1. Considering only the range A:179-217, state which residues are under 20 Å from A:Ala246 (Cα atoms) and not in a strand (DSSP E or B).
2. Is it true that A:Ala181 is outside the structural domain of A:Thr333 (by TED's automatic domain parsing), within 16 Å of ligand 2 (Cβ to nearest atom), among the hydrophobic types (A, V, I, L, M, F, W, C) and under 15 Å from the mean Cα position of the chain (by Cα)?
3. If I ask for residues that are of a type in the set (Asp, Glu) and not in a loop (DSSP other than H, G, I, E, B), which ones from the range A:134-149 would you list?
4. Identify the residue in the range A:417-426 that is more than 14 Å from every other protein chain (Cβ to nearest Cβ) and closer than 20 Å to B:Ala231 by Cα and, among all such residues, is farthest from ligand 1 (Cβ to nearest atom).
5. Please verify whether the range B:24-36 includes one or more residues that are part of a helix (DSSP H, G or I), at pLDDT below 70 and either within 30 Å of A:Ile115 (Cα to Cα) or within 14 Å of chain A (Cβ to nearest Cβ) (or both).
6. If you go through the range A:41-73 one residue at a time, how many are surrounded by 18 or more Cβ atoms within 10 Å (Cβ to Cβ), under 26 Å from the mean Cα position of the chain (by Cα) and within 16 Å of ligand 1 (Cβ to nearest atom)?
7. Kindly indicate whether any position in the range A:430-451 is within 14 Å of chain B (Cβ to nearest Cβ) and within 16 Å of ligand 2 (Cβ to nearest atom).
8. Against the condition more than 8 Å from chain B (Cβ to nearest Cβ), out of contact with any strand residue (DSSP E or B) (no Cβ under 8 Å at 6 or more places or on another chain) and at pLDDT below 90, how does A:Arg374 come out, does it pass?
Amino acid sequence: MHAANSVAIVDRPAATPAVALKHISKTFGTNAALTDVTVDLRPGEVHALVGENGAGKSTLMKILAGYLPADTGELEVDGRAAPADRVLSGPRVGVGFVEQEGGLIRELTGAENLILAEGTGFLADRAAAGARIRELGNRFGGAVDPHVPVELLAVGQRQRLEILIMLARGADVLILDEPTAALGIEDAAILTEIIERFTADGGGVFYISHKLHEVMSIADRITVLRGGRVVGGHAADQVEVAQLAADMVGQRVAGDENRNGNGSDSAELIEVALGEERARTTASASHEVVGTLTGVCAPAPYVGESALHELDLVVRAGEVVGVAGVVGSGQSTLARVLAGLLRPSTGTAQLPDRVAYVPEHRHDDAVALELSVRDNVVLHSHRRREFCRGPWFRRDRMDQHVEEVLRRSHVRGATLTMPISGLSGGNQQKLVLGRELDECPTLVVAHNPFRGLDVRAIQEVRQAVLGACDQGAGVVMISPDLDELLQLAHRIVVLFAGRILGEVDVADGDLDQLGRLMGGVA
Amino acid sequence: MSLLSLTHRTPRQASFGRGLVNLLTAVAVVAGLVAALLAMVGVDPAGTAQAMWSGSFGTLRSTGETLIRATPLLLIALALIPSLRAGLYNIGAPGQMAFGALASTVIALQAPTLPSAILVPACAIGGCLAGALTAFLPGLLKATWRANEIITTLAMNFIAVAVLGYLLTGVMQSDFANLPQSDSLPANSALPTFIPGTRTHIGLLVALLAVPLLWAADRSRLGYRLRIFGANPSLARQAQIRPGRYTIWLMTLGGAGAGLAGWMQVAALDHRLYVGIATPVGYAALFVALLGALHPLGTVLAALAFGALLHGGDSLQVGAGVSPEIVQVLLGLILLAYAIRATTSAATGTEGRTRSWTFWKRS
Ligand SMILES: Nc1ncnc2c1ncn2[C@@H]1O[C@H](COP(=O)(O)OP(=O)(O)OP(=O)(O)O)[C@@H](O)[C@H]1O
Ligand SMILES: [Mg+2]
């Protein structure tokens, strides 16, 4: 690495930092996840951490929260030394960590989760616990019903609830790991509101995100990590998105990177980061239909999500159909129907035998966390005749195939036998995408496929999706992020309260019309 | 931990090493506790331990008795491992074992003149099928109506006891006994023994055969699907691994193992059927599997240890003048210590994901 990458620490005289991590290093086996990382957080500020997938952001935060031990380095909380080299039996006092995938126990209510976290269960008073959550919700601007089982809440509500529970436990440092990755604009706005009130109250926030524009608007300071090292430190009001993107990607010097650069140079990636890049397939949609829904009604899988009413949708080979709409308008229900996991109560769904499905909740539906990378990759392909000898697997051939899928989908830091939980969030997502696109599907259903991906990975995934289109697949892409859809889709249908309100052709699209449809005006 | 919920790490993919550490810690703590207890009531702990040891491993004969105790525990535990790994709690081994023993008894008594080479396998198959059927029903209920398997298998245990009681005080009661027990089984239904000077029978070999089978299953397509099914049912559905089918198969497999154990118990050891034939063994086997961390080798060790404790306990009264019930206390404490150890290490979250549920919500 380059020592020449001098780091401009922005000096602003301030009180003792709320937390300071000094010279933290951490290796997993031979993989150096963090090398001599020093960051701090002042009361009342939002400090953003950005960096590519696998840069070490989550690992650093897990060390801060006491979930992982650091190999070397020191930690100070409120100016006092705190142990960084051991796993604590619970989260570090005063630190609330909202992880990438959400950490609440799904079968319990918010109040019960609070009680469990505080360990006072023997004399549990749910009403009092619920009242505390309510009170904080009102104070910070994000009310959630604390007496409903978590699994019945929508993504945004779950997250808000988790934050409120941290606050109820007296956190004055919040760590938000890609909090907006799965949120729609409305939920993201509420989150911003909570963050603002929390920092105004003197709290500090570590904020991890791949969305650089969002980072620029919400953060006070931004630290860039690359390959486990700090490579940039900026005040948010003195830096451009392009600079951040360049820091993240680094200079492409031969041999400098352990990531095999595939020709996409930084300029292009920066464009992607800026949201200027438009990628679209050259293959025009054919007339061959790959999936049809006719008059489909289906019940919602969770509270806060719409059931489908009389929905018609035709997907043709070679096209990307974007599904837009306010989160909770029936996107999850639609995805499950298309994936063949939810049978319509009325109406018919004509779908291919196997649908490639990238689910919205990665840990719940897309991977088996405690199983190996190999087991997770061969989910569909384990049926292939060539991998079997009688009832037994041919490990050699299978492993070759797994390596190939990992390479093609640019998963980094993986060995075949490690549990998939050892991969960074973005790399897990890439693995899922690679696995699903692997078997030449004719219909692809991707719900928030870019969730947790860095700019380069987004670019790679786009290419893969378009590649599938060229091979004759029809793609349904669901996303709360309209820009994402506009960059990839041929046409966008808008869901509202479980119905398709209208459709916009992206090429000669009327964006105002799109906005009106999303607001429920047909 | 709170009363309202149990945080519980599903023992699915528990690692062997961790399981061993848990087990050893539990045993050490419990040994200390029991020693204190014995000292309190005025018995020499060292002498008791000595008596226990020589009772279970002192002579060839006593080692054989320990192995006999361990055999059904091992067989049932190994058959339960796949379903436990998948998060299915089949606690119906006592009932399945009882029905297995019943079927074997009926076959042996109905065809006492068949040559041994036919009668022994016939009894084995009969016992196995009966156990499998007993577990098939709860499996079917779970697969079709999501009936909680803990409750349905438990119910089957009561049914088994009732059926045995009815038959053994009625049509099957021996003419030569006032007790509710059957006639003696014919000699040619007995299992051959294979270590001279002991009662160790070939059932042990049958049980040990399951160890390599389990190991191999991990590398098979079926084993893979079970692994996925156990780790993430939603993922299994996407891979078109039908949960219902696997639920039924896993339950049936556990039942088949228990049925075989019932056959061994009646045909190799007791040579007659009685009501309580399966009760202690059936439940203990579940704990053997858990103590063995759901690993085949760990389970072998756990079964051996349980067998030694059970048999050693019986010889205590003679050896040290201690009531054999001390063994029950010992086993209870080991389980408790193990459970606490397993729960706390899960709660510190050093590996895997902690799953939890409230009892009333799980189905
Ligand atoms: N438990 C683990 N075992 C082995 N390696 C690990 C483990 N956790 C993280 N790593 C490795 O450490 C590196 C940093 O991972 P980390 O999760 O911190 O990345 P990240 O910056 O959060 O990335 P993302 O944006 O994808 O979430 C990766 O190479 C990852 O494979
Ligand atoms: Mg991460």
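1. Within the range A:179-217, A:Ser209, A:His210, A:Lys211, A:Leu212, A:His213, A:Glu214, A:Val215, A:Met216, A:Ser217 qualify.
2. Considered against the rule, which asks whether it is outside the structural domain of A:Thr333 (by TED's automatic domain parsing), within 16 Å of ligand 2 (Cβ to nearest atom), among the hydrophobic types (A, V, I, L, M, F, W, C) and under 15 Å from the mean Cα position of the chain (by Cα), A:Ala181 comes out as yes.
3. If the condition is that a residue be of a type in the set (Asp, Glu) and not in a loop (DSSP other than H, G, I, E, B), then A:Glu135 is the only one that fits.
4. A:Leu423
5. no
6. Total satisfying the criteria: 23.
7. Yes, some residue in the range A:430-451 is within 14 Å of chain B (Cβ to nearest Cβ) and within 16 Å of ligand 2 (Cβ to nearest atom).
8. No, not satisfied.
The values are calculated or read from the model by the stated rules, or taken from the named source; none is laboratory data. For clarity, every value in this text was computed on a predicted model and none was experimentally measured. Heads up, the Cβs are rebuilt from the backbone with ideal geometry, glycines too, and the neighbour counts pull from every protein chain shown.
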